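Following: one structure in structure tokens, then a few remarks.
Throughout, read-outs are computed from the coordinates displayed, never taken from laboratory work. Model, not experiment: these values are computed from the prediction. For neighbour counting, all protein chains shown are included, and Cβ atoms are generated from backbone atoms with ideal geometry for every residue, glycine included.
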Amino acid sequence: EHNSPDVFAQECSFYGSGDFRPNALRLSADGTGVSDFVYKSHRTFRGRLALDGLPAARADENTQTLEVTLVDTVSGCRLKLYYTVFAELDIISRYMVIENGGEHKVRIDKCMPLTLDIPRSDLEMISFYGRHNKELNFQRAPLHHGIQSVGSKRGATSHHYNPFIALCDRKATEEKGEAYGFNFVYSGSFLDEVEGDQTNGTRVLVGLGSECFSYTLGAGESFCSPEAVMTYSANGIGHMSRNFHGFIRNNVMPSVSLEPHPVVLNTWEACYFRINEEILLDFAREAKKTGFDMLVMDDGWFRKRNNDRAGLGDWFENREKFPDGLASFVKKVKAEGIKFGIWVEPEMVNPDSDLYRAHPEWALRVEGREPLLSRHQLVLDMANDEVIDYLINIFDKTFEGVDIDYFKWDMNRPLADIGSYALSAECQGELYHRYVLGMYRLQERLVTEFPHILLENCSGGGARFDAGMLYYSPQIWCSDDTDAIERLSIQEGTALIYPLSAMGAHVSDCPNHTVGRTTPFETRGYVALAGTFGYELDVTKIPEEDRAMIPEQVAMYHKYNDLVREGDYYRIASYSENRYFDCYGVVKKDKTEALYTFVQVLSRPNYHSRRVFFKGLDPEKNYKIEGEETVYTGDVLMNAGYLVQNLWGDFKSRLIHIVEA
Ligand code: DGJ
């Protein structure tokens, strides 16, 4: 019993080998799924190796990688485990490569690149659940014996669960206690599994679960898993978030994410599918008056796309909406002195489209079964190279000579009917993963061929808000719900894992199109400031007093954006938890400046001011609050608190800017 693999801490465990906890690998050449890899050798080196076709963190010479090679004599496979240590960021990234050195085909049925056995189980698990318009709701629960997991079978990371989980001390707070964070640099179906085991230990696994993954490796072939990452904080959950923020911002996201993002005016909530040259040029003319930098033409611009029932797949200009063609329209937009962005949804097709009529076999489907429609659309088979080549070709042609600065890449339904015309019966189980590889190939091509173009990813809001997509795009639209109050919890959830600068956030019109709520324009501006900032409303029709505030808000964005993008994020009070108010801040790394956002969601009787306790300041430094004369020490602001006064009414907010005195 004492020598049982079931009680030891393992770096990688194998199905059928006597370790009865959830295993990292299920693989064999003989159909049993059983393997038993044993240590052969290891080496360490500076930097890291690239992952073929997959996003992975960039690592410079300050990082070190450990490669451990194991062999399984029966299947003839070699397994290489890679650990790259980002010491300054307290992050370790992990992936594995399986090489079939045997003579027979090998089938992999489960592949979890990250295993961590923690010798304790008195922990709580943090994870996120959600749905469309309500992404990333925080949940925290004590670990119990047995398996608890989050995952996705939707082919995308999904609105419903994020691949991030954390395990923390039962009493861990924002500032105190231990917290282990885990994430997956991947954008498809995934599984995060945790078991409280018989030894009162905890096993954590992150990777490709068996339900949505299998892969056949021919003799001499190899398979590289996506990368998983983990971090540790001895100083609470807030520090864990900041570890991930630093790592994702500096090592995962493209380098443009370190630069200011343009302030956009997006047409979606402004006019939905009712777009044409005349309306959009009116918008563009407003740029001079209001100060936004870029017009983004969302869905509805191409061929027969007048609603969501038709046209996806037919990426041709629409001469009824743009009589002189796309290139000429974009020239006119640019003549107003702004940039231009455009929406695409490359992975999808409406049955009512010329593309589908010509190539029904390019949509995911299972022979003999009626495919399931969602938003009236089907999913194109990204595992089929012909489809990818077609898309590259059609986009090149349609956008030739069109001066585009930004693409919004959307994906509006999950994968179902998991069958591919391009794969043999034996390889159908590879479809989920090959789909993601095909999609990454397209994204990679876009960002390398057109490095000046800014890419924003989107998936019906935040269904693909993950580190994999952030590798290609420095921003992701985080929800279709643009209501400022709903956004407080969506953005708080997102910011527990991902940097603020990655969160697509816009000021939209009221009553809000999703929840019908009316909030002050000022509050909408403050909340959007915590993300990429922009507008999504009919700027020619909103009330004049709102419109008049836009130049001021744009100036505010320019004033604070360096701080928001590069500063350290602190959660102070959560409306989702207390149901009254919300407060968060960003503090410059050298602690000479900070910006706190306070939102009084609901007003209460006899409560016209509220004391908040700022975080992240230097207790020894003297600070002044913009607009006030008093000098406070950081110690006072953090421990005696600051009184936010004169808040009369619901949805009122304050921006509190603090600089070293
Ligand atoms: C879903 C996105 O999240 C929206 O912002 C918008 O682009 C629509 N799709 C367009 O169909």
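Couple of notes before you dig in:
- When peptides 166-172, 297-303 are sorted by average Cβ neighbour count within 10 Å, with the highest value leading, the order is 297-303, 166-172.
- Alpha-carbon spread of the range 464-518, three principal axes, descending order, Å: 35, 19, 16
- When the range 28-153 is reduced to its Cα atoms, the Kirkwood hydrodynamic radius in Å: 17.8 Å
- Take 459-471, 317-329 and order them by the average number of nearby Cβ atoms within 10 Å per residue, most first; the result is 459-471, 317-329.
- Spin-label model, ASN276/ARG579: points 7 Å from Cα along the beta carbon direction are separated by 5.0 nm.
- Modelled spin labels at THR44 and VAL659, positioned 7 Å past Cα toward Cβ, are 4.6 nm from each other.
- The range 236-324: Cα Rg divided by the 2.2 N^0.38 Å rule of thumb: 1.54
- Across all Cα pairs in the chain, the calculated P(r) in 10 Å bins from zero up to the longest distance comes to 3, 15, 25, 25, 18, 10, 3, 0 percent per bin.
- Dipole axis of the chain (+1 Lys, Arg; -1 Asp, Glu on Cβ), positive-most option in VAL447, THR290, VAL366: THR290
- Backbone N atoms of the range 171-198 closer than 16 Å to the 7 Å Cα→Cβ label point of ARG140 belong to residues 171-182.
- Contour minus Cα-Cα distance for GLU175 and TYR232 (0.36 nm per residue): 19.2 nm
- Using R0 = 22 Å, the C-beta based FRET efficiency linking VAL34 and ASN3 works out to 0.70.
- Pairs of C-alpha atoms in the range 391-466 farther apart than 20 Å represent 44 percent of all such pairs.
- Efficiency of FRET from Cβ geometry, GLU544 and THR69, R₀ 56 Å, rounded to 0.05: 0.20
- Listed pairs LYS408/LYS541; LYS171/LYS588; LYS339/LYS408 exceeding 18 Å between Cα atoms: LYS408/LYS541; LYS171/LYS588
- For the range 485-581, with +1 on Lys and Arg beta carbons and -1 on Asp and Glu, the positive-most of LEU496, ILE485, TYR526 along the dipole: LEU496
- Model label sites at ALA422 and HIS558, defined 7 Å from Cα along the beta-carbon direction, differ in position by 4.6 nm.
- Scoring 345-353, 584-592 by mean Cβ neighbours within 10 Å over their residues and listing the highest first yields 345-353, 584-592.
- Overall shape of the range 177-299 was characterised from the C-alpha gyration tensor. The equivalent ellipsoid obtained from it has semi-axes of 43, 23, 15 Å, in decreasing order.
- Considering only GLN198, GLY238, LEU51, the residue lying farthest towards the positive end of the dipole of the chain is GLY238, judged by Cα position with unit charges set on Cβ.
- Given charges at beta-carbon only (K, R positive; D, E negative), |dipole| of the chain in Debye: 800 debye
- For the range 1-92, the Kirkwood estimate of the hydrodynamic radius, built from every pair of different alpha carbons, is 15.1 Å.
- As a calculated quantity, the FRET efficiency between LEU372 and LYS589 at R0 = 51 Å, using C-beta atoms, amounts to about 0.55.
- Whole-angstrom gap from the range 393-421 to the range 205-261, using each part's C-alpha centre: 25 Å
- Pairs of alpha carbons in the range 489-636 whose separation is greater than 28 Å (percent): 23 percent
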